[in-house]
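A short write-up of the structure that comes next.
Bear in mind these aren't lab numbers, they're just calculated from the coordinates by the rules spelled out. Small disclaimer: the values here were computed from a predicted structure and weren't measured. Glycine gets a Cβ as well: all are built from the backbone with ideal geometry, and neighbour counts include every protein chain shown.
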Amino acid sequence: MTITTTVQVRQRGTLTLPADVRQRYNIQPGDSYRLVDLDGVLVLTPLAPLVPELAREIERARVEAGLSVEEMLEDLRAQRERYTAEKYGTLADENTVE
């Protein structure tokens, strides 16, 4: 669907999107967009809020795995310790006398 409408650039560079466009695309105050200049054609693309989306994905995976939040955090801590030990060695390795 193509929408054609006129917007005016205000004194400080502000554009006001028409209410019907904001409603159609659920544009809320504070939403962030990237402005792409395609050889003179300006395109606004929404910046996906990654943190909330990642949080939903993590929660979905946790529920599917049947884990409580505490169990998931405990497992993450254990994985972090294993990763750190593999990548950097453990404190016990550094203090070993040969």
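A few comments on the model shown:
- Cα coordinate range in the chain, projected on the principal axes (Å, largest first): 76, 35, 24
- Of the residues Thr84, Thr14, Thr45, the one that moves most in a GNM of the chain with alpha-carbon contacts below 10 Å is Thr14.
- Estimated FRET transfer efficiency when R0 is 35 angstrom, pair Glu71-Ser32 (beta carbons, to 0.05): 0.50
- The slack between Arg10 and Leu47, meaning 0.36 nm per residue of separation minus the straight C-alpha distance, is 11.0 nm.
- What the phi angles of the range 27-44 give under the Karplus curve with 6.51, -1.76 and 1.60, with θ = phi - 60°, is a coupling list of 7, 10, x, x, 4, 10, 9, 9, 9, 10, 9, 9, 6, x, 9, 8, 10, 9 Hz, glycine and proline written as x.
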